[in-house]
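Visitor: There's a structure below that I have some questions on.
The values are calculated or read from the model by the stated rules, or taken from the named source; none is laboratory data. Just so it is clear, the model here is predicted, and its values are computed rather than measured. All Cβ positions, even for glycine, are placed from backbone atoms using ideal geometry, and neighbour counts span all protein chains on display.
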Amino acid sequence: MSSRAVLAVASECAPLVKTGGLADVVGALPAALEPHGWTIRTLIPGYRRVLSALKRPRVVLDLPDLLGTPARLLAARVGDLDLLILDAPALFDRDGSPYLNAGGNDWSDNDLRFAALSKTAALIAGGALTGWQPEVVHLHDWQAGLVPVYMAAAGVTVPSVMTIHNIAFHGLTAASRMTALELPAAGFTLDGFEYWGHISALKAGLTGATAITTVSPTYAHELTTPEFGMGLEGVIATRRHDLQGILNGIDTQTWNPASDQAIRSFASPGGKAANTRALRAEFGLDKSRGPLAVVISRLSDQKGLDLLLQALPALTGRGGQLALLGSGDRRLENAWLSAGAANPGMVAVRIGYDETLSHRMYAGADAVLVPSRFEPCGLTQLYGLRYGALPVVARTGGLADTVIHANAAALAVGCATGITHRPNCVPSLENALAQLCDLWRDRPTFTRLQRNAMKHPVGWGASAPVYARLYARLAEQHADEHADEHEDPA
Ligand code: ADP
């Protein structure tokens, strides 16, 4: 099959730079789409850590004045990934996270940094690279939201897909930044990128992209409601016919308990025991008469871990234990450190980000807890399923779409894969934790649930063809609409 070209634009891409699920998805889509005839080149910023990981990058474009900054575009391969890297030292050559300075605050020039990324994408879509032009551009979250604006300003008509990974982040900046970002005044309207007197990069993408997707069917529906739309529900509603929820998958090669080098590999629930022992030892947890649950998460309001703190006695009081790995909100970090100190041998907390440790935790855990207030898709429950750590999740967004609750009916037909709870409040979370402990004691049932979980399809098998069909439809529509431009005038 001859391959067709997509340009993906994102602020993160695993394994090079990751702060959350966005990176995993952006990193996994190219390999998932290749068998369906689509080759994805991924444009990312040249953060210091990205540039230092590249072997033999080639300069493919000079950009002496990109929004007032000298830059170059590099091309490099990293594993399966065909990368374009925006090397703009004034914007990206710094220590720290992609978005935050050492003090934990947004970099003050984040608007300019990701506008520069978006402008570069528009140039590439317009044919700036010799011998390569995409048929479709795929924009991930607000950091790529301005691409349709820059494309339209340059008369570039390549169709675009805007994927919402998390609508909580709008990429807002002051209206006074219009000139610095080289944005057209005509776009600063209710139908464009204006949002309550500010510039919203996400709204620019939502109003300007040809199609919109989000990362689960339930979240696609939730986004049209005031409870979840975060002020953009009206914009989403006007585009609901162009909106589709496509469930995220995970990279089932990197995340394969049968071949994972980071753990004592296993292919069935019985093989987890050695990992569980090792995990208890690593976290200084006692031998226990209850399940070992884990949390691997950003510590933010979204993730509902303040509710879990309050519900914790429902787990520990029944002999259950918790190992938590996470970082983020300082208040939550401190509250969790205190919970660890107050429950020695039963609750253990690591503040930080550690990918390899996360593998050991999924492998050793009986359960992974995800009590999110909202969750566009969520990946940790998918890793949990794959590694036989039963997801105990709030029934929202992608969590609702990926976990089959162990109610009486699902247990009777033998298809349950975890525990879901709703509403997301302390009493319902306490019930879920109590159910986890009860199920854990019923060894045959618990083992059957783990077996179901490990068999549950969590790869890209179902969703990759959906993206491929979407790309094809947009490319064909575009070709139809612009057929006359290519017709021979004779
Ligand atoms: P979000 O993108 O909202 O943070 P997801 O569940 O979609 O949530 O993705 C989170 C990803 O980040 C998962 O791959 C998870 O394993 C990983 N992760 C989150 N926190 C940590 C951490 N402290 N250490 C290692 N991996 C983490």
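Visitor: Quick one: is T445 away from the ligand (no atom under 16 Å from the Cβ), farther than 26 Å from Y219 by Cβ, polar (S, T, N, Q) and in the same structural domain as G290 (by TED's automatic domain parsing)?
Guide: Yes.
Visitor: Inside the stretch 234-251, can you point out the residues that are closer than 30 Å to G384 by Cβ and modelled with pLDDT of 95 or more?
Guide: Hits for the stretch 234-251 are I236, L243, Q244, G245, I246, L247, N248, G249, I250.
Visitor: Taking the condition modelled with pLDDT of 95 or more, within 16 Å of the ligand (Cβ to nearest atom) and in a strand (DSSP E or B), does P391 pass?
Guide: So P391 fits the description; yes.
Visitor: For the stretch 124-138, which residues satisfy the criterion of being surrounded by 19 or more Cβ atoms within 10 Å (Cβ to Cβ) and outside any strand (DSSP E or B)?
Guide: I124, A125, P134, E135
Visitor: Out of all the residues in the stretch 175-183, is one or more buried (at least 21 other Cβ atoms within 10 Å of the Cβ) and touching an Asp or Glu at 6+ places or on another chain (Cβ under 6 Å)?
Guide: no
Visitor: Please go through the stretch 284-313 and give me each residue that is crowded, with 20+ Cβ neighbours inside 10 Å, touching a residue at least 60 places away in the same chain (Cβ under 8 Å) and within 14 Å of the ligand (Cβ to nearest atom), ordered by number.
Guide: V294, V295, I296, S297, K303, G304, L305
Visitor: Output the residues belonging to the stretch 12-34 that are within 12 Å of the ligand (Cβ to nearest atom) and surrounded by 24 or more Cβ atoms within 10 Å (Cβ to Cβ).
Guide: Of everything in the stretch 12-34, those that are within 12 Å of the ligand (Cβ to nearest atom) and surrounded by 24 or more Cβ atoms within 10 Å (Cβ to Cβ) turn out to be E12, G21, L22, V25, V26, G27, A28.
Visitor: Scan the stretch 329-338 residue by residue and report those that are charged (D, E, K, R) and within 16 Å of the ligand (Cβ to nearest atom).
Guide: Scanning the stretch 329-338 gives D329, R330, E333.
Visitor: Tally time: how many residues in the stretch 310-338 are within 20 Å of S288 (Cα to Cα) and small (G, A, S)?
Guide: Number satisfying all stated conditions: 6.
Visitor: Further question on the same structure: Filter the stretch 373-386 for residues that are within 8 Å of the ligand (Cβ to nearest atom) and not in a helix (DSSP H, G or I) and give the result.
Guide: Residues satisfying the conditions are E375, P376, C377, G378, L379.
Visitor: I'd like to check something: does the stretch 417-434 contain any residue that is in contact with a Ser or Thr (Cβ under 9 Å, 6 or more places away or on another chain) and either outside the structural domain of T316 (by TED's automatic domain parsing) or farther than 18 Å from L315 by Cα (or both)?
Guide: Among the residues of the stretch 417-434, at least one is in contact with a Ser or Thr (Cβ under 9 Å, 6 or more places away or on another chain) and either outside the structural domain of T316 (by TED's automatic domain parsing) or farther than 18 Å from L315 by Cα (or both), which makes the answer yes.
Visitor: Might you let me know whether the stretch 401-413 holds any residue that is touching a residue at least 12 places away in the same chain (Cβ under 8 Å), closer than 17 Å to G290 by Cα, within 16 Å of the ligand (Cβ to nearest atom) and outside any helix (DSSP H, G or I)?
Guide: For the stretch 401-413, residues touching a residue at least 12 places away in the same chain (Cβ under 8 Å), closer than 17 Å to G290 by Cα, within 16 Å of the ligand (Cβ to nearest atom) and outside any helix (DSSP H, G or I): absent.
Visitor: Of everything in the stretch 339-364, what is within 12 Å of the ligand (Cβ to nearest atom) and either within 17 Å of L292 (Cβ to Cβ) or of a type in the set (A, V, I, L, M, F, W, C) (or both)? Give them in sequence order.
Guide: Once the filter is applied, which keeps residues that are within 12 Å of the ligand (Cβ to nearest atom) and either within 17 Å of L292 (Cβ to Cβ) or of a type in the set (A, V, I, L, M, F, W, C) (or both), the stretch 339-364 yields V349, R350, I351, L357, S358, H359, R360, M361, Y362.
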